[in-house]
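Student: This is the structure I want to talk about, given as C-alpha cells.
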Amino acid sequence: MTSKPSDTGRVVGVDVGGTFTDLVYLDVAAGQLRLAKTPTTLDNQAFGVLNAMEAAEVDVAALDLIVHGTTTTTNAVLERQLSKTGLITTQGFRDVLELGRRTRPHAYGMTGQFRPIIPRDLRIEIPERMDAGGAVVTSLDEEQLRAAAAALMEAGCEAVVVHFLHSYANPAHEQRAGAILAEIWPNDYVTLGHQLLSESREFERGVTAAVNASVQPIIQRYVDRLVAELSTRGYAHDLLVMNGNGGMVSARMVAREAAKTVMSGPASGVMAAAYTGRKAGVPNLITYDMGGTSTDVSLILGGEPGVSSEIEVEYAMPIHVPMVDVRTVGAGGGSIAHVDTAGLLQVGPESAGATPGPICYGRGGQRPTISDANLLLGRLNPERLNSVDAGVSMADVEAIFARDLGAPLGLSAMEAAAAVIRVANARMAGAVRMVSVSLGHDPRDFALFAFGGAGPLHATALARELGIPRVLVPARPGITNALGCVVADLRHDFVNSILKPLDLVDMDGLHAIFGRQIAEGRALIGRESVAVEDIREVLSVDMQFVGQTHVLRVPLDTATPSRDMLRSLFAAAYLERFGVELPEIRPALVSVNASVIGRRPEIDLSVLIDPGGRKASLEAAQTGMRQVWFEGGWVDTPVYWRDHLPMDAVVSGPAIVEQLDTTIVIDPGHKALSDGDGNLLVEVPQ
C-alpha cells in the first residue's frame with residue numbers, strides 16, 4: 001500500500017445493488033468521465049465489480065482510489081446467509097436475543113415467525129455479573145469461559161460474541177474475556193458487545209453484536225477476494241468501503257465493525273444527494289432512490305442527512321450503530337405485480353431481480369413487473385429495452401399483462417399496467433411520508449431528489465401526490481450511488497451511554513467523554529490512507545424525560561455544554577417535535593454522540609455531462625415523438641436525449657427525457673429547467 005494517494009486524480013466509485021453493479025470513473029485533472037452498469041453477480045459480487053471496470057475500460061493500475069459500496073452484509077442479514085456464530089453471556093441471560101421487546105411481527109393477530117441471529121444451542125451462559133452501576137456482583141469464571149469457547153469451536157462456530165450484562169457500565173469482564181479468547185480462538189472474529197455499542201439496552205446491544213460477528217467472516221472473505229483481484233491487476237492503493245453512516249473505512253479495518261457496512265449502498269446514494277443538493281442550492285431534500293429491487297427514501301435537512309442509531313432492518317433486528325436513516329419498501333423496477341387470493345392487485349415485495357428480470361429485459365422473465373408496465377404505457381423506449389433479445393415484443397408483454405392481471409381484474413392490459421403504476425406510487429408515497437410527515441416535517445418544504453434507474457420515471461407523480469413543489473433529477477440518476485462513493489467523506493461515529501437524570505450527570509465526565517470520542521475519531525482518520533482537507537466534529541446527546549422510553553437527539557455546537565444548556569436545548573427540541581412543553585418533568589441524559597468527519601476534496605459535478613454533446617436548441621435535442629399514457633390518457637409526447645439538452649434548457653411537459661442510465665417522465669403542466677451541473681429541476685404545479 002502507498003501512503004495517501006491524491007483524491008483529485010483518477011477515482012472509481014462502484015456500488016453493488018441487488019440487480020445492477022454501477023460504476024463511475026472520474027479523472028478530475030483531465031475532466032474525463034466513464035460510466036458502466038453491469039448485472040450484479042450474486043454468487044460473487046467481486047466479479048460484478050471487475051466486470052464493471054472492464055466495461056468502463058478502466059486501467060486499474062493507474063487508479064489513485066477505489067471506493068466501494070456493497071450489499072454483501074445487507075443481503076447476508078436479510079437472507080440469513082450468515083456465518084455460524086456462538087454467544088457467551090451472563091448466567092441467566094441466554095434468551096435475551098429471543099425475548100426481545102415482546103412485539104409482534106404483524107400489528108394484528110399472532111402470526112409470523114422470528115428466528116434469532118444465533119440459535120439457542122450456540123448460546124452459552126457462564127458465571128459473571130455486574131450491576132447497573134458497574135460494580136462486580138459475581139466475578140468472571142475464566143475456566144467456564146474457556147470451556148464455553150471450546151464447546152463453540154467444537155460445534156463449528158467461526159465467530160463468537162461476548163455479551164455480558166451491564167458491560168456498558170463496566171466493561172472489565174468483557175475485556176478480560178476478550179483477552180482470553182485472543183489466546184484460544186482460532187481467528188480474529190471475536191466481538192465484544194461494549195466495544196461496538198456502549199448502550200444500556202441488552203437486547204439491542206446483543207443483536208447488534210450478533211449481527212457484527214455473524215457477518216465478519218463474510219465481509220472479510222469478500223473484501224480479501226476483491227483486494228487480491230485488484231492487486232493482480234496492478235492496483236497499489238487502499239480500497240475504501242462505504243459504511244451505513246455515509247462515511248468510509250479502509251478495507252483493512254472493515255471487518256472489525258462489520259455491522260456498520262449494513263445499508264452502505266443506500267447510504268452512498270443519500271450522500272451523493274446531499275452533495276448535489278448543496279451544490280445546486282437546494283439543501284432540503286427527500287431522497288427517492290428507486291432501483292431494480294426496492295425503493296429507498298431518506299430526508300436531508302440543511303444539507304445534512306439524518307443519521308440514526310436506532311434502525312431496525314427487519315422485525316426484531318435492531319442494529320444500533322449509526323446509519324443514514326433510510327426507509328425501504330419492496331417496490332423497484334423489477335417488483336412483480338400479481339392478484340392475490342382476495343382479488344386485489346399487489347405490487348412487490350417479490351422481485352424478478354437481475355435474473356430472469358422483467359419480461360422486457362429478454363432474459364426469460366414471464367411475470368409482469370413495474371418496468372413492464374412503464375414499457376406498455378410508452379414511458380420506456382421498447383427499442384432500448386428489447387435490445388437484449390429481439391424475440392421479446394410489446395405484444396408478448398401485453399399478452400402476459402392481459403392474462404395475469406387484466407383477466408382477474410376485469411381490465412385491459414393497458415388499464416392493468418396503469419393500475420400497477422398507481423399501486424406502486426401509493427406504496428412509495430407511504431415511504432416518503434415515513435421520513436417526513438411522521439417525523440414532523442412538511443413535504444412542501446422540500447424538493448424530491450429522484451435517482452436510481454427507475455426513480456425519475458415516477459418522481460413527478462409522487463411529488464404531485466405529496467404536494468412537493470420541486471423534483472431535482474441529478475445528471476446521472478442511475479449511477480448516483482456509485483457517485484456517492486466518490487464524493488463521500490471519511491466518517492467515524494461514537495456512542496457512549498450515560499442513562500442518568502440530567503441533575504445527577506457529572507458534567508466534567510461528560511466533557512471528558514466528548515474529548516475521548518473526538519481524539520479517537522481523529523486518530524482513526526489519521527490512519528486512513530486517504531487525503532482529507534479538514535476534520536470536523538458533529539456532536540449531540542440523546543435525551544428523554546425520566547420515565548420515558550423513546551429519545552430525542554439534541555445537536556450541540558460545543559464539546560463542553562453546561563447543564564442548563566442541555567436542559568434548554570432539550571426543551572426546545574421536544575417542543576418542536578411534539579408541540580408541548582413539560583417543565584414539571586425531569587430530563588434525563590441517555591447517551592453522548594460524536595461524529596468525526598474528514599472532508600475530502602470537492603469534485604466538479606459538471607463533468608458528469610459532456611459539454612461537447614450539448615445542442616444549440618431544444619429542437620435539436622429531440623429524438624422523436626411517441627404516445628405516452630398520463631393520468632389524463634394517451635398523449636403524443638416529444639422525446640429528448642438528455643446529453644444533448646442545451647445548458648439553459650427549459651422542457652415543458654408532457655415530455656420524455658432519455659439518457660444512458662434512466663428515463664425521466666415530465667407530466668403535462670410541469671416544467672423542467674437545466675442548471676450548470678447538468679441537474680434538471682422540475683417545477684410541479686400544486
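The values are calculated or read from the model by the stated rules, or taken from the named source; none is laboratory data. None of these values were measured; they are calculated from a predicted model. When we count neighbours, we look across all protein chains shown, and the Cβ atoms used for this are built from the backbone with ideal geometry, even at glycine. All accessible areas refer to the heavy atoms of the entire protein, side chains included, with ligands and DNA or RNA removed. Shrake-Rupley method; radii C 1.70, N 1.55, O 1.52, S 1.80 Å.
Student: Accessible area per residue of region 430-489 at 1.4 Å probe, in Å²?
Tutor: On the way: 1450 Å² over 60 residues.
I get 24 Å² per residue for this part.
Student: Shifting gears a bit: As I understand it, the dipole of the chain uses +1 on the Cβ of Lys and Arg and -1 on the Cβ of Asp and Glu, about the Cα centre. Which of M565, V420, A76 lies farthest toward its positive end?
Tutor: Result: V420, furthest along the dipole toward the positive end.
Student: Under the rule of at least 5 residues apart or a separate chain, name every residue whose amide H is placed under 5 Å from the amide H of D238.
Tutor: For D238, the qualifying residues are T2.
Student: Taking every Cα atom in region 127-210, find the radius of gyration and the maximum pairwise distance Dmax, and write them in Å.
Tutor: Expressed in Å, the Cα Rg and Dmax of region 127-210 come to 12.3, 36.
Student: Let me know the charge dipole size of region 283-337 about its Cα centre in debye, to the nearest 20, where only the beta-carbon of Lys, Arg (+1) and Asp, Glu (-1) is charged. Walk me through the intermediate numbers first.
Tutor: Details: 1 positive and 7 negative charges, 27 e Å.
The dipole of region 283-337 has a size of about 140 debye.
Student: Mind checking which aspartates and glutamates have their Cα closer than 16 Å to the Cα of K500? Skip sequence neighbours fewer than 8 apart in that chain.
Tutor: The reachable aspartates and glutamates, counting only those whose Cα sits under 16 Å from K500, are D131, E199, D508, D542, D564.
Student: In whole Å and largest first, what semi-axes does the C-alpha gyration tensor of region 21-109 yield when each eigenvalue is scaled by 5 and square-rooted? Could you put the intermediate results ahead of the total?
Tutor: On the way: eigenvalues 369, 52, 35 Å².
Equivalent-ellipsoid dimensions as semi-axes: 43, 16, 13 Å.
Student: Magnitude of the Cβ-charge dipole of region 187-328, K/R +1 and D/E -1, about the Cα centre, nearest 20 debye?
Tutor: Details: 11 positive and 15 negative charges, 85 e Å.
Here the size comes out at about 400 debye.
Student: While we're here: For L299, enumerate residues with amide H under 5 Å from its amide H, sequence gap 5+ or separate chain, H modeled in the peptide plane.
Tutor: The list, which skips near neighbours in sequence, is T287, G306.
Student: Please compute the length gained on full extension between S308 and R470, using 0.36 nm multiplied by the number of residues separating them and subtracting their Cα-Cα distance. Display every interim value, and only then the final one.
Tutor: Details: separation 162, 0.36 × 162 = 58.32 nm, distance 2.63 nm.
Using 0.36 nm per residue and subtracting the Cα-Cα distance, I get 55.7 nm.
Student: Right, here's the next one. Based on the Cβ-Cβ distance of E79 and R363, what FRET efficiency does E = 1/(1 + (r/R0)^6) give at R0 = 22 Å, to the nearest 0.05? Could the numbers behind the result be given before it?
Tutor: Numbers: r = 22 Å, r/R0 = 0.98.
The computed FRET efficiency comes out at 0.55.
Student: Follow-up question, since we're still on this one. Looking only at Cα atoms, what is the convex hull volume of the chain per residue, in Å³? Write down the numbers at each step before the final one.
Tutor: Numbers: hull volume 111.8 nm³, N = 686.
In the chain, the Cα convex hull volume per residue is 163 Å³.
Student: To the nearest 0.05, what FRET efficiency results for D636 and R403 with a Förster distance of 25 Å applied to their C-beta separation? The partial results should precede the final answer.
Tutor: Values: r = 29 Å, r/R0 = 1.16.
In this case the efficiency is close to 0.30.
Student: Still on this structure, please answer the following. Say the dipole of the chain comes from +1 at the beta carbon of Lys and Arg and -1 at that of Asp and Glu; which of P443, L524, V161 then lies farthest toward its positive end?
Tutor: Going by the Cα projections, it comes out as P443.
Student: In nm, to one decimal, how far is the modelled label at E54 from the one at L99, with both set 7 Å along Cα→Cβ?
Tutor: The answer from the label model is 5.4 nm.
Student: Taking 8 Å as the Cα distance limit and 6 or more residues as the minimum spacing, I'd like the relative contact order of the chain as a percentage. List each step's numbers first, then the result.
Tutor: Numbers: 1594 pairs, mean separation 84.8, N = 686.
Once normalised by length, the contact order is 12 percent.
Student: Order the peptides 607-617, 298-308 from the highest to the lowest mean number of other Cβ atoms within 10 Å of their residues.
Tutor: Numbers: 607-617: 14.2, 298-308: 18.3.
Going by the mean number of other Cβ atoms within 10 Å, highest first, we get 298-308, 607-617.
Student: Turning to a different aspect of this structure: What percentage of the solvent-accessible surface of the chain, computed with a 1.4 Å probe over protein heavy atoms, is contributed by carbon and sulfur atoms?
Tutor: Values: 13690 of 26610 Å².
Carbon with sulfur: 51 percent of the solvent-accessible area.
Student: How many nm separate the modelled label positions at S606 and V137, each set 7 Å beyond the Cα in the direction of the Cβ?
Tutor: About 6.6 nm separates the two model spin labels.
Student: Here's another thing I want to ask about it. How much length, in nm to one decimal, is gained on full extension between L504 and M153, taken as 0.36 nm per residue of separation minus their Cα-Cα distance? Working shown, then result.
Tutor: Values: separation 351, 0.36 × 351 = 126.36 nm, distance 4.46 nm.
Extra length available between L504 and M153 comes to 121.9 nm.
Student: Can you tell me the dipole magnitude for region 447-549 around its Cα centre, using point charges on the Cβ only (Lys, Arg +1; Asp, Glu -1), in Debye to the nearest 20?
Tutor: Numbers: 9 positive and 12 negative charges, 102 e Å.
With Lys and Arg at +1 and Asp and Glu at -1, about 480 debye.
Student: If you keep only loop residues by DSSP, which GluC sites (Glu not before Pro) in region 530-594 have at most 16 other Cβ atoms within 10 Å of their Cβ? Walk me through the intermediate numbers first.
Tutor: Values: sites: E533, E537, E576, E581, E584; in loops: E533, E581, E584.
Filter output for region 530-594: E533, E581, E584.
Student: Peptides 182-192, 258-268: what's the order by average Cβ count within 10 Å, highest mean first?
Tutor: Numbers: 182-192: 15.5, 258-268: 29.6.
Highest to lowest by the protection proxy: 258-268, 182-192.
Student: What percent do you get for the relative contact order of region 90-226 when only Cα pairs under 8 Å and 6+ apart count?
Tutor: Details: 181 pairs, mean separation 31.9, N = 137.
Relative CO of region 90-226 lands at 23 percent.
Student: If we count every other residue with Cβ under 15 angstrom of L608's Cβ, Lys/Arg +1 and Asp/Glu -1, where does the sum land? Each step should come with its number before you reach the end.
Tutor: On the way: positive: R34, K37, K279, R476, R614, R642; negative: D22, D27, E602, D604, D610, D643, D661, D675, D677.
Summing Lys/Arg as +1 and Asp/Glu as -1 gives -3.
Student: Okay, moving on. Order the peptides 655-667, 13-25 from the highest to the lowest mean number of other Cβ atoms within 10 Å of their residues.
Tutor: Working: 655-667: 22.0, 13-25: 27.4.
My ranking of the peptides, most packed first, is 13-25, 655-667.
Student: Here's another thing I want to ask about it. How long are the semi-axes of the equivalent ellipsoid of region 387-472, taking √(5λ) for every eigenvalue λ of the Cα gyration tensor, in whole Å from largest down?
Tutor: Working: eigenvalues 206, 52, 17 Å².
Here the semi-axes work out to 32, 16, 9 Å.
Student: Roughly how many Å² is the accessible area per residue of region 508-557, as a whole number, for a 1.4 Å probe? Numbers along the way, then the final one.
Tutor: Numbers: 2480 Å² over 50 residues.
Per-residue accessible area for region 508-557 comes out at 50 Å².
Student: Based on Cα coordinates alone, diagonalise the gyration tensor for region 294-333, multiply each eigenvalue by 5, take square roots, and list the semi-axes in whole Å, largest first.
Tutor: Working: eigenvalues 66, 58, 5 Å².
Listed largest to smallest, the semi-axes of region 294-333 are 18, 17, 5 Å.
Student: Next question. Sum -39500 (n - 2.57) across every DSSP H segment of at least 4 residues in the chain, then divide by the residue count to get the 222 nm mean residue ellipticity, nearest 500.
Tutor: Numbers: 17 runs with 203 residues, N = 686.
When only DSSP H runs of four or more count, the value is -9000 deg cm²/dmol.
Student: Can you quote the Å³ per residue value for the convex hull of the Cα atoms in region 495-604, rounded to an integer?
Tutor: Details: hull volume 13.2 nm³, N = 110.
Measuring per residue, one finds 120 Å³ for the Cα hull of region 495-604.
Student: Would you mind computing, in nm to one decimal, how far apart the modelled labels at E584 and S393 are, each placed 7 Å from Cα along Cα→Cβ?
Tutor: 7.7
Student: Grab the Cα-Cα distance for E576 and I535, subtract it from 0.36 nm times how many residues apart they are, and report the gain in nm with one decimal. Please list the in-between numbers first.
Tutor: On the way: separation 41, 0.36 × 41 = 14.76 nm, distance 3.03 nm.
Working it through step by step, the gained length comes to 11.7 nm.
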